[in-house]
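Reviewing the structure listed below.
What follows is calculated from the coordinates using simple rules that are stated; it is not laboratory data. All of these numbers come straight from a predicted model, not from anything done at the bench. Please note: Cβ atoms are built from the backbone with ideal geometry, for glycine as well, and neighbour counts cover all protein chains shown.
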Ligand code: CMP
């Protein structure tokens with residue numbers, strides 16, 4: 001059965017460009033409840049750990065560079081079928097391939113600076129949520 005939680009980050013480009021409010025509004029309008037949220041800036045060490053699975057990819061250096069370039073907003077979201085529904089809401093990784101009306105289509109600038117992250121599985125939603133939040137941060 002699909003889980004009811006996912007993890008998201010509003011990435012440095014979207015924060016820098018003033019899109020936090022608009023993105024959170026779309027997330028709420030799509031029926032997600034925010035159960036934990038923080039604004040922070042990742043260190044190179046933290047970003048490397050978060051994106052460990054991508055370490056061997058050619059874009060890893062660019063990814064870490066970018067994700068540490070400014071503040072991000074991290075959150076745990078709750079809704080039935082959260083992981084799949086959230087990935088539909090944000091659109092394809094490459095904003096040029098993202099559906100009209102999706103968060104990446106509206107706010108992303110490139111495949112690297114793609115505005116927002118969404119967990120790709122229930123298992124990763126738990127791992128990623130635990131990376132940023134302890135139990136007492138969750139409401
Ligand atoms: P996300 O799916 O949130 O997590 C992995 C990130 O790696 C992805 O978003 C993009 O920001 C980045 N990424 C994926 N593919 C590429 C690529 N070809 N070039 C640069 N960055 C990429």
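Table for the structure above
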item: Part-to-part distance (alpha-carbon centres) for region 29-44 and region 74-139, which is given in Å; result: 10
item: Approximate shape of the chain as ellipsoid semi-axes (Cα gyration tensor, √5λ), whole Å, largest first; result: 20, 18, 15
item: Principal axis dimensions, region 78-139 - Cα atoms, whole angstrom, descending; result: 38, 23, 19
item: Most to least packed among 38-44, 69-75, 113-119 [average Cβ atoms within 10 Å]; result: 113-119, 69-75, 38-44
item: For the chain: relative contact order, % (alpha-carbon pairs under 8 angstrom, 6 or more apart); result: 39
item: Computed log₁₀ I(q)/I(0) - Debye formula, equal Cα scatterers, no solvent, region 1-82, q 0.12, 0.13, 0.26 Å⁻¹; result: -0.41, -0.47, -1.17
item: Pair residue 99, residue 121: separation of 7 Å Cα→Cβ label points (nm); result: 2.4
